[in-house]
Amino acid sequence: MYYDFPDDYEIQYWTRTYTMTQRYAGDTPAFTPNISCQGALTWQNFDVGTNIGGVLAADALYLDATQTGTFTNNELELSEELWTVTWEVYTHWIALGPAMYDDHIIRNEESTHNSSVLSDLGAGLFANTVHYSGGAVP
């Protein structure tokens, strides 16, 4: 029989946790660039538009990209992820006789994580109305 004497087995349960944290390459930016106006602010006929950590403020904001154009609003948000990895180590062995062996199998490995925001510069689009036409807004 597979588990009768002299065969035996053992299952070990393992857990590893670690944290991945984002940081700026230098100091945290000291200010947020601003483009603000009364009335309407219009960007038109662009293929790639990106707001990186700035504030665009107007009564009305018009983003008119080409048909395949995209606009990305990046708030330069820093985040942290807490990861947990679990797995089992299954060991089966026979310790007697001429055919001694020791098998190790890693099984049931699973990873999970939770994310949280560390800081936010407060950047973004601020308008009473925002109109977008064109391609995708990632």
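Just so you know, all these numbers are worked out from the coordinates, no wet-lab data involved. Because the structure is a prediction, the values reported are computed rather than measured.
Couplings 3J(HN,Hα) for segment 83-97, derived from phi with the Karplus relation 6.51 cos²θ - 1.76 cosθ + 1.60 (θ = phi - 60°), are 9, 10, 10, 10, 7, 10, 10, 9, 10, 10, 9, 10, 10, 10, x Hz, where x marks Gly and Pro. In the list (1) 20.3; (2) 15.4; (3) 18.1, the label attached to Kirkwood radius over Cα pairs in Å as derived from the coordinates here is (1). Whole-Hz Karplus values for segment 29-35 come out as x, 7, 8, 10, x, 10, 10 Hz, taken residue by residue from phi with 6.51 cos²θ - 1.76 cosθ + 1.60 and θ = phi - 60°; glycine and proline positions read x. When Rg and the Kirkwood radius Rh are both evaluated on Cα atoms of segment 67-138, their ratio Rg/Rh stands at 1.44.
For the chain, the antiparallel share of DSSP beta bridges with both residues in that region comes to about 55%. Take every pair of alpha-carbon atoms less than 8 Å apart whose residues are at least six positions apart; their mean separation over the length of segment 14-108 yields a relative contact order of 31 percent.
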